[in-house]
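Quick notes on the structure that follows.
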Amino acid sequence: MDTKAGEKSAQEMKNLLDVYDSRTQFASDVKDDLAQSPLTQTMGEGVSKIDQALGLSDESKAYIGALTAGLPLVGKFRKFVPSKKLTAQLDRLRAEGHALERHGGAITDEQLYARARTGVAPDGSKTRRGYTPTSTAFNSDELLVNADDFLRNNYLDDAIKNAEPGTLRIKVSADTGVELGRGYIPVGKKTGQSGPLQTVNDLTNVEAWYVYDPAKNIWQTNTIYPIPGK
C-alpha cells in the first residue's frame, strides 16, 4: 500500500472540505451544485455496493465516502488547494508583518470578541489606545492572500504615486466584491472602554498598510484586514 499517496489524498480532501465549509458565497453555490449532482448520488450508491462486496470497516467507508463525495468539488476547488505558490506567499506575509497572526484564517470568533473587548490581539499584542476600532479576520488564509494581491495589483501603485515624497508607510483600501471575513466593532470609542459590540459578517472591503523597505526596494505588507463598507 502506498501510504504516502494515501496521506496526500487525505490532506487534499481536507483542504477541499475546509474551503467547502467556509462562509463564502462561492462555497454556498458549490454546496447547492453538489447537492443536486447526479454524480454525487451515483458515487454514494457505488460505496454501498463496494461495502456489500468487501465488508468494509466503518473507518474505510467513511474515508471512501469522503473521497467520492468530494470528487465533484475538485474541478471548482483546484485553485484553492494549497500550492507551493500559496505557501511562499504565506511565508512572505509572516516575514513582512503581523497579518496572519492577527487577521488570518486561523483566528477564531472568540479571539476576535476578546480583542474587541480588551484591545488584546490574538498574538498577545495590545493597541496603545486601549481599544480597537474594529476586530476582524479573514475566513481563510487564501482569502487574505487574494486580498493582498488584489490591492497590490489594482491600488498600491497609484497610492505610491500620490503619496508625499519620502513616504514610507501607506494605507490602501478597496471593495473586493468578495466575502472576505467577519468580526466585531465596539460601539464605545473611549480609551479602555469598548462598550457594546456590533457583529459584522460577509465583509467585502479590505484595508492594508504597506511599508517600504529601502534595503530591499520593496513595499512589504505590514498588515491587512477586512473592514466594514463605508
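The values are calculated or read from the model by the stated rules, or taken from the named source; none is laboratory data. Computed from a prediction, not measured in an experiment: that's the story for all the values here. All Cβ positions, glycine included, derive from the backbone under ideal geometry; neighbour counts span all protein chains shown. To get the accessible areas, we keep the full protein, side chains included, count just its heavy atoms, and leave off ligands, DNA and RNA. Shrake-Rupley method; radii C 1.70, N 1.55, O 1.52, S 1.80 Å.
Quick test for you: out of THR132, THR127, pick the one residue that is modelled with pLDDT of 60 or more, surrounded by 16 or more Cβ atoms within 10 Å (Cβ to Cβ) and either hydroxyl-bearing (Ser, Thr, Tyr) or more than 24 Å from the chain's Cα centre (by Cα) (or both).
Of the residues listed, the single one that is modelled with pLDDT of 60 or more, surrounded by 16 or more Cβ atoms within 10 Å (Cβ to Cβ) and either hydroxyl-bearing (Ser, Thr, Tyr) or more than 24 Å from the chain's Cα centre (by Cα) (or both) is THR132.
Residue by residue, here is whether (1) loosely packed, with under 11 Cβ neighbours inside 10 Å; (2) hydrophobic (A, V, I, L, M, F, W, C); (3) out of contact with any helix residue (DSSP H, G or I) (no Cβ under 9 Å at 6 or more places or on another chain) holds:
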position	(1), (2), (3)
ALA137	no, yes, no
ALA147	no, yes, yes
ARG152	no, no, yes
LYS161	yes, no, yes
SER173	no, no, no
THR176	no, no, no
ARG182	no, no, no
VAL211	no, yes, no
THR221	no, no, no
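When you check THR199 against the structure, is it without any contact (Cβ under 8 Å) to a residue 24 or more places away in the chain, open to solvent by 30 Å² or more (accessible area, probe 1.4 Å) and of a type in the set (Ser, Thr, Tyr), yes or no?
Taking the combined requirement at face value, the residue satisfies it.
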